[in-house]
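**Student:** First the structure, then my questions, so here it is.
Just so you know, all these numbers are worked out from the coordinates, no wet-lab data involved. The structure presented is a predicted model; accordingly, all values stated were derived computationally and were not measured. With ideal geometry, Cβ positions are generated from the backbone for all residues, glycine too; neighbour counts draw on all protein chains shown.
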Amino acid sequence: MKRRQFTALTLAAAGALGGPAVLAQDNTFKIGLILPMTGPQATTGRQIEAAARLYMAQHGDTVAGKKVQLIVKDDTSLPDVTRRIAQELVVNDKVHVLAGFGITPSAMAVGPIATQSKTPMVVMAAATSSITEASPYIVRTSFTLPQASVALADWAPKNGLKRVVTLVSDYGPGLDAEKFFRERLMLNGGQVPESLRVPMRNPDFAPFLQKVRDIKPDALFVFVPSGAGAAVMKQFLERGMDKAGIKLIGTGDVTDDDQLNDMGDGALGVVTSHHYSANHPSALNKKFTTEFAKANKGMRPNFMAAGGYDGMRVIYEAAKASKGQGGDALLAGMKGQIFESPRGPMFIDAQTRDVVQNIYLRKVEKKDGQLWNVEFDVIKDVKDPGKTR
Ligand code: VNL
């Protein structure tokens, strides 16, 4: 960008961000969907975009009498890029709502823009507990790591897994998973002899897994972001960890439905806790997975797709309530929504703007020649435990 252009953009942005955004005056309702479409989190972008488009195909592309315009932008998972794109979407495109946000740093980077411009911001993927505190305009339709981790820490010691090593990606969601899993496991009489953290970008799991082998715990608890699970599984099996008697457990990010079916039979029996499984037995989910596959060359939706699909639901219903207005009216329409999602019942807590939902315990099983996360227990209506302390 030339210097003069840059200055002009910065000034325009500063002006527009000094108060409520000036919204598109024509008869459109604009959704700025910022996603990682390339780079290490590209599967998250692909899943969420597909889900958003499916929602629009099923529910029409007009809402409150306005034509819905979905503007998809690739932030490559770099927070500085996310911030710049968000600013352009607010200032130049005059979007009514920002949405997407594949990883926590990207969501955090945009919080101040949402606040200053009074633009509602729907977080469809990122899952660190504190994200909703980055702006009063943030509403979340994904999940939180404390939500998923606590359920597993209750299950593990009752099922013979008392000494558990944790292995997490070294950033927001991983640190949440580590802390909430460990505290709850210890409360339940378990032990965590070691807590390992792997770099978020280009992790090499081998040296960490060697360490786990030496410690020989009952189980290894893992959190890695969506897209990295297959690599963990492969190295876990290659190093013969399962044969050494170490069980692999984790949040459902590890047995991600986007990759699970390609992980091979070594994944059988892995127990995880999460809010969405493509195998969730409900009529609504059957319709969701079937139509998603049909529109996307047989692709199976994962939990990211669920977050994107439900995020669109939250936006559409809020737009109806606000009669197509943005800003505070749109935000108000998002708070307190309660509905059936492909994941099960779901509620946007008006106080926290965070999702309250069922957390399921699941085991990888083979059905009709395919691997699935099969739910075998449920903890109902779980609020983010990260907010009740
Ligand atoms: C995050 C959390 C990202 C869970 C993920 O995949 C995930 C995050 C991209 O908050 O950055 O599975």
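**Student:** With a Förster radius of 45 Å, plug the Cβ-Cβ distance of ILE215 and ASN92 into 1/(1 + (r/R0)^6) and report the FRET value to the nearest 0.05.
**Tutor:** Using R0 = 45 Å, I get an efficiency of 0.25.
**Student:** Which residues does the label zone of LYS363 cover in the range 146-189, counting backbone N under 17 Å from a point 7 Å along Cα→Cβ?
**Tutor:** Answer for the range 146-189: 152-162.
**Student:** Let me ask something else. With unit charges on the beta carbons (Lys and Arg positive, Asp and Glu negative) and the dipole taken about the Cα centre of the range 253-316, which residue among ASN285, GLY269, ALA306 sits farthest to the positive side?
**Tutor:** So the residue furthest toward the plus end is ASN285.
**Student:** Any idea how far apart THR38 and GLN351 come out in nm if each label point goes 7 Å out from Cα toward Cβ?
**Tutor:** Using points 7 Å along Cα→Cβ, the separation is 4.5 nm.
**Student:** In degrees between 0 and 90, to the nearest 10, how far off the longest principal axis of the chain does helix 42-59 point, with axes built from Cα atoms?
**Tutor:** Its long axis makes an angle of about 60 degrees.
**Student:** For the range 169-303, what number results from the quotient of the Cα radius of gyration and 2.2 N^0.38 Å?
**Tutor:** Compared with the compact-globule rule of thumb, the range 169-303 sits at 1.12.
**Student:** Let me ask something else about it. Indicate the gyration tensor shape class of the range 19-132 (rounded, prolate or oblate), computed on the Cα atoms with a ≥ b ≥ c the square roots of the eigenvalues: a/c under 1.5 is rounded; otherwise a/b larger than b/c is prolate and the rest oblate.
**Tutor:** The shape class here is oblate.
**Student:** Would the chain count as rounded, prolate or oblate if I go by the C-alpha gyration tensor, calling it rounded below 1.5 in a/c and otherwise prolate when a/b exceeds b/c, oblate otherwise?
**Tutor:** prolate
**Student:** Next up: Work out how far the C-alpha atoms of the range 110-224 reach from end to end along every principal axis, then list the three figures in whole Å, largest first.
**Tutor:** Rounded to whole Å, the extents work out to 52, 32, 16 Å.
**Student:** Further, regarding this structure: Projected onto the charge dipole of the range 115-239 (+1 at Lys/Arg Cβ, -1 at Asp/Glu Cβ, origin at the Cα centre), which of VAL224, ALA156, ALA134 gives the Cα projection farthest towards the positive end?
**Tutor:** In the range 115-239, that residue is ALA156.
**Student:** May I pose another question? For the range 184-312, what relative contact order do you get, as a whole percent, if you take Cα pairs closer than 8 Å and at least 6 residues apart?
**Tutor:** The value is 19 percent.
**Student:** Still on this structure, I have one more. Between ASP93, ASP80, ASP26, find the one with the highest GNM mean-square fluctuation for the chain; connect C-alpha pairs within less than 10 Å.
**Tutor:** ASP26
**Student:** Hey, which lysines would be in cross-link range of LYS297, C-alpha to C-alpha under 20 Å, not counting anything within fewer than 8 residues on its own chain?
**Tutor:** Partners within reach: LYS286, LYS287.
**Student:** Which pairs, out of LYS158/LYS366; LYS30/LYS380; LYS179/LYS366, put more than 30 Å between their alpha-carbon atoms?
**Tutor:** Check vs 30 Å cut-off fails for LYS30/LYS380; LYS179/LYS366.
**Student:** Given a Förster distance of 22 angstrom, what is the FRET efficiency for ASP377 paired with ALA293, based on the Cβ-Cβ distance and rounded to 0.05?
**Tutor:** 0.25
**Student:** Roughly what angle does helix 229-238 make with the longest principal axis of the chain, taking Cα atoms, 0 to 90 degrees, to the nearest 10?
**Tutor:** Between the helix axis and the principal axis of the chain, the angle is about 20 degrees.
**Student:** Could you tell me the largest-minus-smallest coordinate of the C-alpha atoms of the range 17-74 on each of the three principal axes, in descending order and whole angstroms?
**Tutor:** Largest to smallest, the principal-axis extents are 36, 35, 12 Å.
**Student:** Report, in degrees rounded to the nearest 10, the 0 to 90 angle that the Cα long axis of helix 104-117 makes with the longest principal axis of the chain.
**Tutor:** 20
**Student:** Pulled fully out, how much extra length does the chain show between SER195 and GLN69, if you take 0.36 nm times their separation in residues and subtract their Cα-Cα distance?
**Tutor:** 40.8 nm is the gain from fully extending SER195 to GLN69.
**Student:** Between ALA206 and ALA283, what is the FRET efficiency for a Förster distance of 51 Å, r being their Cβ-Cβ separation, to the nearest 0.05?
**Tutor:** 0.70
**Student:** As I understand it, the dipole of the range 44-156 uses +1 on the Cβ of Lys and Arg and -1 on the Cβ of Asp and Glu, about the Cα centre. Which of MET124, GLN47, VAL63 lies farthest toward its positive end?
**Tutor:** VAL63
**Student:** Taking square-rooted eigenvalues a ≥ b ≥ c of the alpha carbon gyration tensor, is the range 135-203 rounded, prolate or oblate, where a/c under 1.5 means rounded and, failing that, a/b exceeding b/c means prolate?
**Tutor:** oblate
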